[in-house]
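K.L.:
I am attaching a structure below and will ask some questions about it afterwards.
The values are calculated or read from the model by the stated rules, or taken from the named source; none is laboratory data. This is a predicted model, so every value here is computed, not measured. Don't worry about glycine lacking a Cβ; one is built from the backbone with ideal geometry, like all the others, and counts go over all protein chains shown. Note: accessible area is taken over every heavy atom of the protein model, side chains too, but ligands, DNA and RNA are not part of it. Shrake-Rupley method; radii C 1.70, N 1.55, O 1.52, S 1.80 Å.
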Amino acid sequence: MLMLTIALTSFAHSHALRSAVRPCRPYLSRAVRSLGARACAAADGEVVAAAEPEQLESEFLQTMRWRGFIHQSTDLAALDKAMTEGCVAAYLGFDATASSLHVGSLLQIMLLRHFQRTGHKPIVLVGGGTTKVGDPTGKDASRQLLDDDAISANIAGISRVFSKFLTFGDGPTDAILVNNDDWLSPLQYLSFLRDYGRHFTINRMLSFESVKQRLERESPLSFLEFNYMILQAYDFVELHRRHGAILQFGGSDQWGNIISGVELGRRADGVQLYGLTAPLLTTADGKKMGKTADGAVWLNADLLSPFEYWQFWRNTADADVSKFLRIFTELPRHRIEQLEALQGAEINEAKVVLADEATRMLHGSECLAEIRATAAALFSSGGGSTASLKRVTLSAPEAEAGVPVVDLFISLELGKSKGEIKRLIASGGAKMNDVKIDDPAVMISVESFASGSEIKLSAGKKKHGVVELAK
């Protein structure tokens, strides 16, 4: 955590960091010269998606293809050749719009993890500068503008996750973390427009889906947001200059922004850059990955407990298990194929493996024993530990006076409103110690605990919490 904090303020300009990427630099300059003529571009110089070659030689791209990470690329054959010849530096950007990333960002983080494990250098870019503008991609309305303090706090929050998946340091394949505010905020507006604005045409910018969708829906698109594409493209050029990055990763919704960076690199600096996007994941029921009916599936433990995170994966739909095992675990191919062959009720075994592996990478192996004990207590008729469940504590005065059970359901985040909890009770989905609650006016008091010190409240079969009596 200390290393990541330092990275945000000084790594980008340190002598140690510059020397760390030098082993990649000689190769990169050769690659740029030799592959410059092979860029996948239309006759007018605009980059277009390239057809995938049948055979891939690099370990990274072979792995990504089998696991389902590849959606589009600018020139996969040329990139494959570059990756077989030496160390490649690539980056992926994360804007600081919240204090934690959610599961929807995990595919991108796993992409960087595989990239590093196969001998290449990942660059994590946090968007301290671009967050001030707001990415219009996939949005019907402008994002809420955040002040500098909020952006800094969000950067600190999202940065905690990266060190759990990547190895940071000064080595040739060690990850580095940089902040685009370092070069975006000092830009002089008129100079920037003269040097880089001339490489972008309004015609081209209007052709990208992120812009077309907003205009087709007649949703306002501010001039501020319209600049986002140019700033992201400039990030790519700046990261190539500073750290030798020749590849940008992103979700498929970022395709327009990525190829704008590839085009700017060629026009401004005469270099060949590459883009590769991963698919935007949806679940079998068509919902966007990372969101549930109860909200975002956060990666930070202070927003979502390890047990709740494990339970999210355990509750995966049967049709999604195979896809998620390939993308969100590092299990070897033969083991995944064994699990994919399971049928009927045996698929639950694969779901437990998925939940264990995904939770292990994010929260560590130490929490799994407690999680399994809690799960056994919830999914079997016997007793067991509830230690991993979210809990609230009743003080002695509260217990004497009594607290409405509806309020406790809300405190345990088993529902969002009193109306929702009352409807849950009316439908028979609310339980106290596995006994159905029939009356929304029930009060929890000292007498409710009988001889114990805990009460388990349940909303349906999968959401549970504990009310404990203060000692």
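K.L.:
Per residue, what accessible area does the range 330-471 have, given a 1.4 Å probe and all protein chains present, in Å²?
P.N.:
Ligands and nucleic acids excluded, the figure is 53 Å² per residue.
K.L.:
May I ask which residue of 445, 405, 375 lies farthest towards the positive end of the charge dipole of the range 325-446, with charges of +1 (Lys, Arg) and -1 (Asp, Glu) on Cβ and the Cα centre as origin?
P.N.:
It is 405, whose Cα lies furthest towards the positive end.
K.L.:
Probe 1.4 Å, all protein chains in place: accessible area of residue 209 in Å², nearest 10?
P.N.:
Number for this one is 100 Å².
K.L.:
How big is the dipole moment of the range 261-380 about its Cα centre under a simple scheme where the beta carbon of each Lys and Arg is +1, that of each Asp and Glu is -1, and everything else is neutral? Debye, nearest 20, please.
P.N.:
Charge dipole, the range 261-380, about its Cα centre: 380 debye, nearest 20.
K.L.:
Something else now. So, with +1 on the Cβ of K and R and -1 on the Cβ of D and E, and no other charges, what is the size of the charge dipole of the range 222-296 about its Cα centre, to the nearest 20 debye?
P.N.:
140
K.L.:
Still on this structure, I have one more. If you take the Cα Rg of the range 144-209 and divide it by 2.2 N^0.38 Å, with N the number of residues, what do you get?
P.N.:
Here the Cα radius of gyration is 1.59 times the empirical estimate.
K.L.:
Kindly rank 252-258, 151-157, 242-248, 417-423 from highest to lowest mean number of other beta carbons found within 10 Å of each residue.
P.N.:
Ranked from most to least packed, the peptides come out as 242-248, 252-258, 151-157, 417-423.
K.L.:
How much accessible surface does residue 413 have with a 1.4 Å probe, in Å² rounded to 10?
P.N.:
110
K.L.:
Quantify, in whole percent, the carbon and sulfur part of the accessible surface of the range 396-471 (1.4 Å probe; protein heavy atoms only).
P.N.:
For the range 396-471, the apolar C and S fraction of the accessible surface comes to 53 percent.
K.L.:
Output the relative contact order of the range 269-409, whole-number percent, from Cα pairs under 8 angstrom with separation of 6+ residues.
P.N.:
After rounding, I find 20 percent.
K.L.:
May I ask for the Kirkwood hydrodynamic radius of the range 80-134, worked out over all distinct Cα pairs and given in angstroms to one decimal?
P.N.:
12.6
K.L.:
Further question on the same structure: Assign one of three labels to the range 331-471, namely rounded, prolate or oblate, based on the Cα gyration tensor with a ≥ b ≥ c the square roots of its eigenvalues; rounded applies when a/c is under 1.5, prolate when it is not and a/b is larger than b/c, and oblate otherwise.
P.N.:
prolate
K.L.:
Then there is this: Please report the net charge: other residues with Cβ closer than 11 Å to the Cβ of residue 117, K and R +1, D and E -1.
P.N.:
Neighbourhood net charge equals -1.
K.L.:
Further question: When ranked by the protection proxy of mean other Cβ atoms within 10 Å per residue, highest first, what sequence do the peptides 74-83, 393-402, 96-105 form?
P.N.:
Answer by packing, highest mean first, reads 74-83, 96-105, 393-402.
K.L.:
Measure up 164/287; 287/463; 323/462; 164/462; 351/461 against 24 Å on the Cα-Cα distance and list the ones that go over.
P.N.:
Result: 164/287; 164/462 exceed 24 Å.
K.L.:
So how much accessible area does residue 427 have, in Å² to the nearest 10, using a 1.4 Å probe?
P.N.:
90
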